[in-house]
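A short write-up of the structure that comes next.
The values are calculated or read from the model by the stated rules, or taken from the named source; none is laboratory data. Predicted model only: the values in this text are computed from it and were never measured. Using ideal geometry, Cβ is built from the backbone for each residue, glycine included, and neighbour counts are taken over all protein chains shown. For accessibility, only protein heavy atoms count, side chains too; no ligands or nucleic acids. Shrake-Rupley method; radii C 1.70, N 1.55, O 1.52, S 1.80 Å.
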Amino acid sequence: MFRLSHYMKQLINPSPVRARKGRVRPVVIWNLTRRCNLKCRHCYAVAADHDFPGELTTREAYQVLDDLAAYKIPALILSGGEPLSRADTLELAHRSKSYGLYTALSTNGTPIVGDIADKVADIGFDYVGISLDGIGKTNDWFRGKAGAFDEALAGVRACKERGIKVGLRFTLTSDNAAELPDLLSLAESEGVEKFYLSHLVYAGRGNKHRGDDTDWSVTRSAVDMLIDRAWVAAKRGEPLEIVTGNNDADAVAFLRWASSVASPERVAHVRRHLEAWGGNSSGLGVANIDTQGIVHPDTYWSDYEIDSVRKRPFREIWDDVSDPMLAALRTRPRPLKGRCGACAYKSVCGGNTRIRALQLTGDPWAADPACYLGDAEIGLEAKSEDSERLVVTPFRGKSHDPAHRFS
């Protein structure tokens, strides 16, 4: 995750660079269940509205949570499916908070009403992220349910009414990119504290619909818009925090933009901060536990299984350096190829999101096809247009016609 607003503030009020020291413990994203009342086009968990066999029992989940707390992970994100469709999710969250863990909830927002909203508030989640994929019918089409937008917005408002820190989560695709300005305006009008833009990752239904990914020019325009909005917020001291995920080229785009508004010394300072962060952190600063207790390098690496928490504790799995993929993901610099391997900003983006390269080429170290930066921008010699890029051609059939979608 690229914390755009955080690094933007470094241009105005610089602070000392804090490099990682010693063992890196990961933020754990825990998919508690695949059950969900919606059916999103880009769902990496391929969730559906029914029970799935083999999910961890409450007793097993408690044991995992106890181990995570003893391991002193920095944060726990409870996700799904829709995590609130699991009966014991709030009990697990309460136990997590009792350990002093930073505990967040990643939800579609629709269940957060009435008594459930009160319980969410009572637990004291550090953050609740609610996903929207557009305004009104656009969101409803993406999420496979009429009225989903209104229900999710009601969840946002229920959180705000109860003093819960809440943010909007938005996955950018060719079908909803035009609604980014409206979603930013919605975030401002509703007074949410965070806006998170996720680039499409080719996993689960996101892989099935990877032709919906944005063209590079559209991606760049969206990132430029977020940079401009974050800059205004930083200068005005506004509380809105803007972050992006799943395309660490955003950090490079920001760094290059910074050179147009700040001194070379200040830009160099920001670069040192970004290099201390290191870009993509799959398998190092991020881990995933799925509904069956299988540990993965992150939520999008569902086809790569490290081990199961049913066999041994998470801390033993994560500290076992014998796993070849974990070892490679933790190597700096990573064994990157093509444009990514030759890029002058590897220390900033960390090689970006490896799973896209894996899905398209079978090689996790090939160039990330979603890098929208030109050769000159990443320090390569000028070549023929789009050389060495993997082209993901968006489908332009009638299903992309708004009149067809909403009829």
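Checking residue 196 against (1) open to solvent by 20 Å² or more (accessible area, probe 1.4 Å); (2) farther than 30 Å from residue 115 by Cβ; (3) at pLDDT 95 or above, which test does it fail?
All conditions are met except number (2).
Does region 290-303 include one or more residues that are open to solvent by 20 Å² or more (accessible area, probe 1.4 Å) and in a helix (DSSP H, G or I)? Write out each step before concluding.
Pass one, region 290-303, residues open to solvent by 20 Å² or more (accessible area, probe 1.4 Å): 290, 292, 294, 300, 302-303.
Imposing the further condition that a residue be in a helix (DSSP H, G or I) reduces the set to none.
Scanning region 290-303 turns up no residue that is open to solvent by 20 Å² or more (accessible area, probe 1.4 Å) and in a helix (DSSP H, G or I).
Which condition number in (1) of a type outside the set (Gly, Ala, Ser); (2) open to solvent by 20 Å² or more (accessible area, probe 1.4 Å); (3) under 30 Å from residue 320 (Cα atoms) is the one that residue 115 fails?
(3)
May I ask you to verify whether residue 315 is in a loop (DSSP other than H, G, I, E, B), farther than 26 Å from residue 198 by Cα and open to solvent by 10 Å² or more (accessible area, probe 1.4 Å)? Please lay out each step first, then the result.
Working: in a loop (DSSP other than H, G, I, E, B): no; farther than 26 Å from residue 198 by Cα: yes; open to solvent by 10 Å² or more (accessible area, probe 1.4 Å): yes.
No: the conditions fail for residue 315.
Being closer than 29 Å to residue 144 by Cα and out of contact with any strand residue (DSSP E or B) (no Cβ under 8 Å at 6 or more places or on another chain) is the filter; apply it to region 58-90 and report the residue that is least open to solvent (accessible area, probe 1.4 Å). Spell out the reasoning first.
Step one: list which residues in region 58-90 are closer than 29 Å to residue 144 by Cα, which gives 76-90.
When the remaining residues are screened for being out of contact with any strand residue (DSSP E or B) (no Cβ under 8 Å at 6 or more places or on another chain), the result is 87-88, 90.
Working: 87: 103, 88: 10, 90: 31 Å².
Among them, the one singled out is 88.
Can you pull out the residues in region 3-25 that are open to solvent by 60 Å² or more (accessible area, probe 1.4 Å), over 27 Å from residue 304 (Cα atoms) and without any contact (Cβ under 8 Å) to a residue 60 or more places away in the chain?
13, 16, 21
Pick out the one residue from 248, 182 that is charged (D, E, K, R), under 13 Å from the mean Cα position of the chain (by Cα) and modelled with pLDDT of 95 or more. Steps first, answer last, please.
Values: 182 fails: under 13 Å from the mean Cα position of the chain (by Cα).
Result: 248 is the single residue among 248, 182 that is charged (D, E, K, R), under 13 Å from the mean Cα position of the chain (by Cα) and modelled with pLDDT of 95 or more.
Give all pairs with beta carbons closer than 6 Å in which a residue from region 91-112 that is free of Cβ contacts under 8 Å to residues at least 60 places away in the same chain meets a residue that is in a loop (DSSP other than H, G, I, E, B); count only pairs at least 6 apart in sequence or on separate chains.
These pairs meet every condition: 97/124; 102/126; 103/125; 103/126; 104/126; 105/125.
It is to be established whether one or more residues within region 255-272 are in contact with a strand residue (DSSP E or B) (Cβ under 9 Å, 6 or more places away or on another chain), touching a residue at least 24 places away in the same chain (Cβ under 8 Å) and on the phi < 0 side of the Ramachandran plot.
Of region 255-272, the ones in contact with a strand residue (DSSP E or B) (Cβ under 9 Å, 6 or more places away or on another chain) are none.
Looking through region 255-272, none of the residues is in contact with a strand residue (DSSP E or B) (Cβ under 9 Å, 6 or more places away or on another chain), touching a residue at least 24 places away in the same chain (Cβ under 8 Å) and on the phi < 0 side of the Ramachandran plot.
For region 134-141, does any single residue satisfy the condition of being of a type outside the set (A, V, I, L, M), over 22 Å from the mean Cα position of the chain (by Cα), surrounded by fewer than 18 Cβ atoms within 10 Å (Cβ to Cβ) and closer than 25 Å to residue 195 by Cβ?
Narrowing region 134-141 to residues of a type outside the set (A, V, I, L, M): 134, 136-141.
So of that shortlist, the ones also over 22 Å from the mean Cα position of the chain (by Cα) come out as 136-137.
Still in the running and surrounded by fewer than 18 Cβ atoms within 10 Å (Cβ to Cβ): 136-137.
So of that shortlist, the ones also closer than 25 Å to residue 195 by Cβ come out as 136-137.
Within region 134-141, one or more residues are of a type outside the set (A, V, I, L, M), over 22 Å from the mean Cα position of the chain (by Cα), surrounded by fewer than 18 Cβ atoms within 10 Å (Cβ to Cβ) and closer than 25 Å to residue 195 by Cβ.
Of the residues 223, 201, which is on the phi < 0 side of the Ramachandran plot and at pLDDT below 95? Don't jump to the end; show me each part of the working.
Working: 223 fails: at pLDDT below 95.
It is 201.
Can you give me the number of residues within region 349-407 that are at pLDDT 50 or above and of a type in the set (Val, Ile, Thr)?
4
So which residues in region 353-382 are assigned to a helix (DSSP H, G or I) and either touching a residue at least 12 places away in the same chain (Cβ under 8 Å) or among the small types (Gly, Ala, Ser) (or both), if there are any at all? Step through it out loud before you land on a result.
Pass one, region 353-382, residues assigned to a helix (DSSP H, G or I): 354-361, 376-378.
Once the filter is applied, which keeps residues that are assigned to a helix (DSSP H, G or I) and either touching a residue at least 12 places away in the same chain (Cβ under 8 Å) or among the small types (Gly, Ala, Ser) (or both), region 353-382 yields 354, 355, 356, 357, 359, 360, 361, 376, 377, 378.
Give me the pairs, please: first residue somewhere in region 116-133 and modelled with pLDDT of 95 or more and of a type in the set (Asp, Glu), second residue anywhere and open to solvent by 50 Å² or more (accessible area, probe 1.4 Å) and not in a helix (DSSP H, G or I), beta-carbon distance under 6 Å, and either six or more positions apart or on two chains.
From region 116-133, the pairs are 126/102.
Restricting to region 64-85, what's the tally of residues that are in contact (Cβ under 8 Å) with a residue 40 or more places away in the chain and either part of a helix (DSSP H, G or I) or of a type outside the set (A, V, I, L, M, F, W, C) (or both)?
We begin by selecting, within region 64-85, every residue in contact (Cβ under 8 Å) with a residue 40 or more places away in the chain; these are 64, 67-68, 70-83, 85.
Then drop every residue that is not either part of a helix (DSSP H, G or I) or of a type outside the set (A, V, I, L, M, F, W, C) (or both), which leaves 64, 67-68, 70-72, 74, 79-83, 85.
Going through region 64-85 one residue at a time, the tally reaches 13.
In region 26-36, what residues are in contact (Cβ under 8 Å) with a residue 60 or more places away in the chain and open to solvent by 60 Å² or more (accessible area, probe 1.4 Å)? If you could, list the steps in order and put the result at the bottom.
Quick first cut of region 26-36, residues in contact (Cβ under 8 Å) with a residue 60 or more places away in the chain only: 26-34, 36.
The one that is in contact (Cβ under 8 Å) with a residue 60 or more places away in the chain and open to solvent by 60 Å² or more (accessible area, probe 1.4 Å): 34.
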